[in-house]
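Take a look at the following structure, please.
The values are calculated or read from the model by the stated rules, or taken from the named source; none is laboratory data. These numbers were taken from a predicted model, which means no experiment stands behind them. With ideal geometry, Cβ positions are generated from the backbone for all residues, glycine too; neighbour counts draw on all protein chains shown. Accessible surface areas use protein heavy atoms only, side chains included; no ligands, DNA or RNA. Shrake-Rupley method; radii C 1.70, N 1.55, O 1.52, S 1.80 Å.
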Amino acid sequence: MFDHEEADMNAEMFAGALRRVRQQSGLTYRQLADQAHYSHAHLVRATSGKQLPTWDVTAAFLTGCGVPPELLPVWRRHWEAAVRDAQDVAQLLQSAETLQDLGAALAALARPRSSRSLERLTGIPRTTLQAWFQGARLPGRDRVDRLVRAVGATLEERAAVAEALERIGSGRTRAAA
């Protein structure tokens, strides 16, 4: 099923695993679209390796290919590893010196979710989220905590977000801290 360990998983490798599952199922993308209830083009993009599909698309793809429900948690772990895409988000946060660095780290943490889905998930307006991710606005502690909890950040990542907010909000750099 997978050629690599979870820690090494990225969007391209994950897409390759999805392509192999579809090939083994014997379904064309058009047949799979009927089973998965997503468009042919959507499923082709899911296996392109350019961008990781959402979990909902992934689960529908796998179910449509006949993957048993008891294997979906294994796939979910691999999908989550690919979401992190070899970027250690905690490390990005720990090295963040500017608002732009913090924004890039928060965007990596929230990936691959869209601003729209994050807005629904957190109640934080898309324009606010986009301003954070672009490094145009410093997030408030309560709201950013709502975001990091909603995306399932680890305790280490949550602590790193809080430290980065404190460091950048106070104007201190790591060397001065």
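Using heavy-atom solvent-accessible surface (probe 1.4 Å) with all chains present, what is the largest-first order of TYR29, TYR38?
TYR38, TYR29
Would you work out the relative contact order for the chain, in percent, from Cα pairs under 8 angstrom that are 6 or more residues apart? Before the final figure, lay out the partial values.
Numbers: 203 pairs, mean separation 35.9, N = 177.
Result for the chain is 20 percent.
For an R0 of 22 angstrom, estimate the FRET efficiency from the Cβ-Cβ distance between GLU12 and LEU138 and round to the nearest 0.05.
So the FRET efficiency works out to roughly 0.05.
Given (1) 1.16; (2) 1.04; (3) 0.99, which label gives Cα Rg over 2.2 N^0.38 Å as computed from the coordinates?
Answer by label: (1).
On a 1.4 Å probe surface of the protein chains, which of ARG116, ARG143 comes out largest in accessible area, and what is the full order?
ARG116, ARG143
Run lengths n ≥ 4 of DSSP H only: what is the helix-derived mean residue ellipticity at 222 nm for the chain, with -39500 (n - 2.57) per run over all residues, to the nearest 500?
Working: 11 runs with 112 residues, N = 177.
The per-residue figure over the chain is -18500 deg cm²/dmol.
Work out, step by step, the length gained on full extension between ASP101 and LYS50: first 0.36 nm times the residue separation, then minus their alpha carbon distance; give nm to one decimal.
16.0 nm
Can you tell which of GLU156, GLU119, GLU80 shows the greatest fluctuation in a Gaussian network model of the chain with Cα springs below 10 Å?
GLU156
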